[in-house]
Number of protein chains: 2
Amino acid sequence: MSNEKVLVFGHKNPDTDTICSALVYADLKSKLGMNVEPVRLGEINEETAFALNFFQAEKPRLVENVSNEVEQVALVDHNEFQQSVSDIESVKIIEVIDHHRIANFQTKEPLNFRVEPVGCTTTILHKMYRENNVEITKQMAGLMVSAIISDSLLFKSPTCTDEDVEAAKSLAEIAEINLDEYGLDMLKAGTKLENRSAKQ
Amino acid sequence: MSNEKVLVFGHKNPDTDTICSALVYADLKSKLGMNVEPVRLGEINEETAFALNFFQAEKPRLVENVSNEVEQVALVDHNEFQQSVSDIESVKIIEVIDHHRIANFQTKEPLNFRVEPVGCTTTILHKMYRENNVEITKQMAGLMVSAIISDSLLFKSPTCTDEDVEAAKSLAEIAEINLDEYGLDMLKAGTKLENRSAKQ
Ligand SMILES: [Mn+2]
Ligand SMILES: [Mn+2]
Ligand SMILES: [Mn+2]
Ligand SMILES: [Mn+2]
């Protein structure tokens, strides 16, 4: 695997899945030997701040462009170029992990592109830890389960699948949290300072 | 899993990978409970006919349209709509397995979309048998190794990866063939009646 640096990020107006997926992807891929740094394209919301604080995780570095510092990027929790960094077409996308419809995306070369119709990106990342036999730390489990709670509104969203529920239960054990208790606290933190709009 | 019928097919002007991937995908998914039929969008070439004949496989049924008979389809060995069936935008694409760049593709809803930067679609299908613990028959192994030989020109193409070589070796054992001997015979069969053009 190349040691050339890769930046990984989710969509603009980041939600909890976008931020946690960038952090978790960076953890997994670093452990697999990739030189990867998680970054973000906008401010952290209150819900995400609650999750990062609870699991003592640093927020990713804020960037406005990426082509000024790297040639290669990975996308999580989005694939449409208009939701991505403004100079996305100036870099090589080496991997996409997402759970949305596919549109407004194209590359010149083949890449790793994995989209599954589940409720949350971290549900796919959770599977990737298992596929690669990489141990999941308490912190990473906490970030993954937070993203699933957020995207599924504690399993009440119609986009939530059995796979999301199973992943969340397994991750809650590793993270040593009570799903309902932690989940309601986190969702409440997100309603303090902002209106919840349609989730991406 | 729904019992609603799914048609699976590769690109127009089918090559060996497109035809074999449709047959192999149908075998794997049938064994996983899906109601799936492999079809093709054009005539079989001489190389593909050699492989089908050698492993006693029926060619898929020829179709011109799909929306007249099904609501759901799966694509193998392509993702660009202009390489696909003419009425592709009238059906729901539930899965894509491919190894090409992504372009001119979009859906309204999330789906299973798996593209990996390997030399052949059946290299990915081979991995999927393993992931799902489904046994690979001699016939299916023969079709998969034929596709890898075809797309990689017996491992000489620059798009050929270590993963393709490993898959081909393992499949050749199950198929009980000598890779070089069978491979040259198959490639020669393809040069009899047509000029080899750039592979898709
Ligand atoms: Mn998401
Ligand atoms: Mn999101
Ligand atoms: Mn191919
Ligand atoms: Mn092809």
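Here are the numbers for this structure:
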| item | result |
| --- | --- |
| Any hit, region B:137-148, residues being over 18 Å from B:Asn13 (Cα atoms) and free of Cβ contacts under 8 Å to residues at least 60 places away in the same chain | yes |
| Selected residue [more than 16 Å from ligand 1 (Cβ to nearest atom), within 14 Å of the chain's Cα centre (by Cα) and either within 14 Å of chain A (Cβ to nearest Cβ) or of a type in the set (S, T, N, Q) (or both)] from B:Ser157, B:Ser86, B:Ser150 | B:Ser150 |
| Boolean, B:Asn13 is within 12 Å of ligand 4 (Cβ to nearest atom), under 20 Å from B:Tyr182 (Cβ atoms), touching a residue at least 12 places away in the same chain (Cβ under 8 Å) and open to solvent by 10 Å² or more (accessible area, probe 1.4 Å) | no |
| Region A:107-137, residues that are away from ligand 2 (no atom under 16 Å from the Cβ) and acidic (Asp, Glu) | A:Glu109, A:Glu131, A:Glu135 |
| Enumeration of residues in region B:175-190 that are in contact with an Asp or Glu (Cβ under 8 Å, 6 or more places away or on another chain) and not small (Gly, Ala, Ser) | B:Met186, B:Leu187 |
| Qualifying residue in region B:57-76 (condition: within 14 Å of the chain's Cα centre (by Cα) and over 16 Å from B:Val8 (Cα atoms)) | yes |
| Any chance A:Leu111 is away from every other protein chain (no Cβ under 14 Å) and at negative phi | no |
| Condition check for B:Asn53: in a loop (DSSP other than H, G, I, E, B), open to solvent by 30 Å² or more (accessible area, probe 1.4 Å) and more than 14 Å from chain A (Cβ to nearest Cβ) | no |
| Those residues of region B:129-171 which are open to solvent by 10 Å² or more (accessible area, probe 1.4 Å), touching a Phe, Trp or Tyr at 6+ places or on another chain (Cβ under 9 Å) and in a helix (DSSP H, G or I), in sequence order | B:Lys138, B:Gln139, B:Met140, B:Val165 |
| Restricting region B:58-78 to residues that are buried (at least 21 other Cβ atoms within 10 Å of the Cβ) and in contact (Cβ under 8 Å) with a residue 60 or more places away in the chain, the residue that is farthest from B:Thr121 (Cα to Cα) | B:Val73 |
| Answer residue from region A:102-123, given it is part of a loop (DSSP other than H, G, I, E, B) and within 16 Å of ligand 3 (Cβ to nearest atom) and is most open to solvent (accessible area, probe 1.4 Å) among those | A:Glu109 |
| Residue match in region B:90-101 (condition: at the interface with chain A (Cβ under 7 Å from one of its Cβ atoms), in a loop (DSSP other than H, G, I, E, B) and over 14 Å from A:Val96 (Cβ atoms)) | yes |
| Residue within region B:89-101 that is open to solvent by 10 Å² or more (accessible area, probe 1.4 Å), closer than 30 Å to A:Gly119 by Cα, within 14 Å of ligand 3 (Cβ to nearest atom) and over 13 Å from the mean Cα position of the chain (by Cα) present | yes |
| Any chance B:Val36 is within 16 Å of ligand 3 (Cβ to nearest atom), more than 26 Å from B:Leu154 (Cβ to Cβ) and more than 14 Å from chain A (Cβ to nearest Cβ) | no |
| Qualifying residue in region A:19-31 (condition: over 17 Å from A:Ser146 (Cα atoms), in contact with a strand residue (DSSP E or B) (Cβ under 9 Å, 6 or more places away or on another chain), more than 16 Å from ligand 3 (Cβ to nearest atom) and part of a loop (DSSP other than H, G, I, E, B)) | no |
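The values are calculated or read from the model by the stated rules, or taken from the named source; none is laboratory data. Quantities reported herein were computed from a predicted structural model and do not represent experimental measurements. A quick note on method: Cβ atoms are made from the backbone with ideal geometry, for glycine too, and the neighbour counts reach across all protein chains shown. Surface areas here come from the heavy atoms of the whole protein model, side chains and all, with no ligands, DNA or RNA. Shrake-Rupley method; radii C 1.70, N 1.55, O 1.52, S 1.80 Å.
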